[in-house]
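Each remark here refers to the structure printed beneath this line.
The values are calculated or read from the model by the stated rules, or taken from the named source; none is laboratory data. The shown structure was predicted, so the numbers you read here are calculated from the model rather than taken from an experiment. Backbone-built Cβ (ideal geometry, glycine too); neighbour counts: all protein chains shown. When the accessible area is computed, the model is the full protein with side chains, heavy atoms only, and any ligands, DNA or RNA have been set aside. Shrake-Rupley method; radii C 1.70, N 1.55, O 1.52, S 1.80 Å.
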Amino acid sequence: MITKPTTSQSKIIVALDYPDFSSAKKLVDLLSPDLCKLKIGKELFTSVGPQAVEYVVNKGFDVFLDLKFHDIPSTVAKACQAASRLGVWMMNIHALGGQEMMQAAREALDSSSSRPYLIAVTILTSHNEESLNTIGLTGSVITHVEAMARLALASGLDGVVCSTQECAGLRREMAEDFLLVTPGIRPVQSDLNDQKRVMTPIEAIKHGSDYLVIGRPITAAESPVEILTKINAELNS
Ligand code: C5P
């Protein structure tokens, strides 16, 4: 079973966080697959549907479908197959769905000739120790993050989404080819927006990140292409 070939060498995944197709299309039409990959999440997918994915896949972009599936194993397995049929390069599910759910998802993807990378969300970065406690998970956040990452690996997944703060610890523990995908990236001098703990692209890569999810610093920039070109050059140097 091979994974879907990666088109772009860029480590940057631009988050297409838009409420409608025409706003997303405006940015996509400025970009090209050699500059970046693209992430489609719940907002755009819920308002536009598969049309958004098909549009960018047909333009040759590597697409990360960020829908974070979490349901009973058979439902998640079928949803993963449907996502795979859209031709996405990467997709994700919640590790808290458990090993049986993750394995079912992975096995469901094995039936396609080239499957997307399947990664897990461990613990949402919006949680802290106190909020985890209220849902019955005691102990530190990082303990649960690491336990979920191990479970994802044991279930045959290709990697996890993690915060830049969790990255170095996970990189030390997990195999080199276990993918770490990190949001919370801010190029030097850019606005933090609502992100609290951020790293620059270079710092995140040094901490062991494989792919950087970047939204507003690129989508809200006057020249998204210029910023992408600059970050790509920085990462390649
Ligand atoms: O605009 P910004 O760079 O903050 O966007 C980051 C993207 O990564 C958004 O699509 C956001 O939903 C996603 N994300 C995040 N933090 C997480 C998981 C996903 O910011 N822990």
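Residues 37, 4 ordered from highest to lowest accessible area at a 1.4 Å probe: 4, 37.
Residues whose amide H comes within less than 5 Å of that of residue 67, counting only those at least five positions distant or on another chain, are 92 (H built at 1.01 Å from N in the peptide plane). Legend: Rg and Dmax of the chain, from Cα coordinates, 17.0, 46 Å.
Each residue of the range 144-160 was assigned a 3J(HN,Hα) from its phi angle through the Karplus expression (A = 6.51, B = -1.76, C = 1.60, θ = phi - 60°), giving 6, 4, 5, 5, 5, 5, 5, 5, 5, 4, 5, 8, x, 7, 8, x, 9 Hz with x at Gly and Pro. Considering only alpha-carbon pairs that sit under 8 angstrom and 6 or more positions apart, the relative contact order computed for the range 137-181 is 38 percent.
The phi torsions of the range 222-237, fed into the Karplus equation with coefficients 6.51, -1.76 and 1.60 and a -60° offset, translate into couplings of 5, 10, x, 5, 4, 5, 4, 4, 5, 5, 4, 5, 4, 6, 7, 8 Hz, rounded to whole numbers, with Gly and Pro shown as x.
Accessible surface of the range 12-236, 1.4 Å probe: 52 percent of it comes from carbon and sulfur atoms. Ranking of 144, 207 by solvent-accessible surface, largest first: 207, 144 (1.4 Å probe, protein heavy atoms only, all chains present). The heavy atoms of residue 226 present about 130 square angstrom of accessible area, all protein chains included, probe 1.4 Å. For the residues 178, 69, a 1.4 Å probe over the protein chains yields an accessible-area ranking, largest first, of 69, 178. The heavy atoms of residue 213 present about 20 square angstrom of accessible area, all protein chains included, probe 1.4 Å. Would you give the gap between the C-alpha center of the range 168-216 and the C-alpha center of the range 85-105, rounded to a whole Å? The two parts, judged by their Cα centres, are 22 Å apart.
Rg/Rh for the range 80-150 (Cα atoms only, Rh after Kirkwood) is 1.08. With one equal scatterer per alpha carbon and no solvent term, the Debye-computed log10 I(q)/I(0) for the range 19-152 at 0.11, 0.13, 0.14, 0.22 1/Å reads -0.46, -0.62, -0.70, -1.22.
A simple count of charges around residue 71, restricted to other residues whose Cβ falls under 14 Å of its Cβ and scoring Lys, Arg +1 and Asp, Glu -1, yields +1. Cross-link list 25/78; 78/196; 37/68; 26/68; 59/230: which exceed 30 angstrom alpha carbon to alpha carbon? In this structure, 78/196 exceed 30 Å between Cα atoms.
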